[in-house]
1. When residues of the range A:406-445 are filtered for being charged (D, E, K, R) and crowded, with 20+ Cβ neighbours inside 10 Å, how many remain?
2. Across the range A:431-459, which residue is farthest from the other protein chains (Cβ to nearest Cβ) among those that are closer than 18 Å to A:Arg326 by Cα, free of Cβ contacts under 8 Å to residues at least 40 places away in the same chain and not in a loop (DSSP other than H, G, I, E, B)?
3. Which members of the range A:499-537 meet the condition of being part of a helix (DSSP H, G or I) and within 30 Å of A:Tyr420 (Cα to Cα)?
4. For the range A:208-226, does any single residue satisfy the condition of being touching a residue at least 24 places away in the same chain (Cβ under 8 Å), at positive phi and open to solvent by less than 10 Å² (accessible area, probe 1.4 Å)?
5. Looking at the structure I just gave you, is A:Glu243 at pLDDT 95 or above, within 14 Å of chain B (Cβ to nearest Cβ) and on the phi < 0 side of the Ramachandran plot?
6. Test B:Ala31 against the criterion of being open to solvent by less than 20 Å² (accessible area, probe 1.4 Å) and within 22 Å of B:Gln3 (Cβ to Cβ), and give yes or no.
7. Among B:Gln81, B:Gln53, B:Gln42, which is the only one that is surrounded by fewer than 22 Cβ atoms within 10 Å (Cβ to Cβ) and under 13 Å from the mean Cα position of the chain (by Cα)?
Amino acid sequence: MKSAPSGPAIEKAFTTISGRPIERLYTPEDIAQLDYARDLADPGAFPYTRGIHPTGYHGKPWTMRQFAGFGTPEETNQRYTQLLEAGGTGLSVAFDLPTLMGRDPDDALSLGEVGKCGVSVASLADMETLFSGIDLGAITTSMTINSPASMIFAMYLVVAEKQGVSWQTLSGTLQNDILKEFIAQKEYIYPPRPSMRLITDIFAFCMEQVPKWNTISVSGYHIREAGATAAQELAFTLRDGIEYVQYGVDAGLDVDAFAPRISFFFNAHSDFFEEIAKYRAARRIWAHVMRERFKASNPRSWQLRFHTQTAGVSLTAQQPYNNVVRTALQAMAGVLGGTQSLHTNSLDEALALPTAEAATLALRTQQIIAHETGVADIVDPLGGSYFVERLTRDLEAEALAYFDTIDRMGGMVEAVERGYPQKEIAESAYRFQQAVESREQLIVGVNDFVAVGERPIVTLYIDESVGEKQVRQLVQLRATRDNARVERALNALKAGAAGVENTMPLLIEAVRAYATVGEMCNALREVWGEYEESPVI
Amino acid sequence: MNQKIRVVIAKPGLDGHDRGAKVIARALRDAGMEVIYTGLRQTPEHIVAAALQEDADVIGLSILSGAHMHICPRVMELLHQNGLDDVMVVVGGIIPDVDIPKLNVIGVRGIFLPGTPMQEIVDFITKNARSRVGSV
């Protein structure tokens, strides 16, 4: 039995940052139902609650993968070279908004946006510059690209081909997660159904041609940043995962042939234990989903692998050095939760894209966790904790309840079309903001412990010359390439998209002809149209 | 006669991060204003047309992508061309310090950076929006 606290009665209700009520103390009662072999098991054994590798980080440390990209391909190439020299072990490409939205730098809608939030990549020529001097056979690259994922992936494949690196050995990750775009980040182009077809085309293509590539990174990160709670992040992300597997199966693919290449991407927010429980619950839920719902028999289909990024939304413009501490604690939660790779945010990211110094400090934060704290030496060190096991179970139950609701709607595509997850997230975002306003939720330096007369820090400023330079290069490219070949490739792409042919080989041919991202995306806009959401507030 | 302050909240540019725009739209509505949220990827032309059609007193622009120095001058210019100089424009988002005076010079009245309390924005709009008394 739990004893009553002997100290003075505490009136305040304690909750996690997601609003989950928390008790003062957790005891064996909280894990009375827990069966070790059934619910936890050793790391490396079903249902993988404690981790997918028996040896944890002894066998392989997490990949320190810092997301970076800004300005021109030349500038970003320099940043990559510097990150690799500083001990980074993987690259992660941040594209600018025109690229993410499938618009060329000279499109009217790109005005003022070129190179601002990431690197501008308009054609194969830019991709060649971006990876100049970097052996694609020796690194793994993650690319944060969704609606134009197929086009950008085709460019990466052609750069590898030109470097003489076989596609069979090429390894990396494509984010390629359109559902979370409809739900949260809103970088969509086409309606949901043709968007899903582009994704299953990539699944099918990679099974044969690029077998080591992670074809999708099903992302909760953006869902959380948009305001979701931890449970909503968990539920919507895994339900998105289910949708992709279902569409793959419906497209005639063997589940065990493509599911092992599905990976996930979660946020590491500030509520330490709730985050750790979230990762543990994610592994357990996915293992059951894959084995029971989809009858997958390959253990690799059951194992949830994930990347983690610390919470950008938790960073404050006020007292930016506090962000170093926030990021370190969040990163620690990701590591204790068993992440396969990690991005740590830079202290200045509430203000601008990071400076080189800030990006290096963010990487050093991971290196200190890995090499000085000892936390990575034990697999799932919090396994068995009354509190963490209880939280893991509660988050799992909440996610499964969301699965039922979404299944009843017919699936995630249908739920998205009705604006259901969008509405749930907007509700949570508003509730959180109200808690901040009322100071139920304190944010150091923002609504308490405020400093007066802060000195501004130096931030990165992207000037307008980037846009002008990219437009000039594009004009030159269009004047020098074989435009008849481009035309033929784009016509073949349109014909294929209107039918059932796999779009990947058609896009690769267009890329080889130096068709631009905007041209390829426009060809598909002609066939499929563009999506417009009805906004809900 | 309806004397509620009418606010058009818009998200111009290619960026889709609409958490802030939606939260502030709800906060203004809860504070008793009439809020029209235009949705994503609105051009300055769309936004000014919406302000005209909705008889807006205030336009709130949410911009995080760095495109504000292209978008804001165009919105101000179009407002002027349409005789809407008394429509107050406020901007929320990530705006580098060096750009704040430039935006003020072209007539952007309020600039709200990350961490601004919702109440501060509500108070600013209530105090500075054009008076609706006497309008039909």
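The values are calculated or read from the model by the stated rules, or taken from the named source; none is laboratory data. This structure is a prediction, so every number in the text was calculated from the model and none was measured. Note that we place each Cβ from the backbone using ideal geometry, even for glycine, and neighbour counts take in every protein chain shown. The protein model used for the area step is the full one, side chains on, heavy atoms only, and it has no ligands, DNA or RNA in it. Shrake-Rupley method; radii C 1.70, N 1.55, O 1.52, S 1.80 Å.
1. Count: 1.
2. A:Asp448
3. A:Cys521, A:Asn522, A:Leu524, A:Arg525, A:Glu526, A:Val527, A:Trp528
4. Checked against the condition, which is being touching a residue at least 24 places away in the same chain (Cβ under 8 Å), at positive phi and open to solvent by less than 10 Å² (accessible area, probe 1.4 Å), the range A:208-226 yields no hits at all.
5. Working: at pLDDT 95 or above: yes; within 14 Å of chain B (Cβ to nearest Cβ): no; on the phi < 0 side of the Ramachandran plot: yes.
Answer is no for this residue.
6. Considered against the rule, which asks whether it is open to solvent by less than 20 Å² (accessible area, probe 1.4 Å) and within 22 Å of B:Gln3 (Cβ to Cβ), B:Ala31 comes out as no.
7. Sole residue among the options that is surrounded by fewer than 22 Cβ atoms within 10 Å (Cβ to Cβ) and under 13 Å from the mean Cα position of the chain (by Cα): B:Gln42.
Condition check ((1) in contact (Cβ under 8 Å) with a residue 12 or more places away in the chain; (2) of a type in the set (D, E, K, R)) across all residues:
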residue	(1), (2)
A:Ala94	yes, no
A:Asp104	yes, yes
A:Leu109	no, no
A:Gly115	yes, no
A:Val119	yes, no
A:Asp126	yes, yes
A:Thr129	yes, no
A:Ser132	yes, no
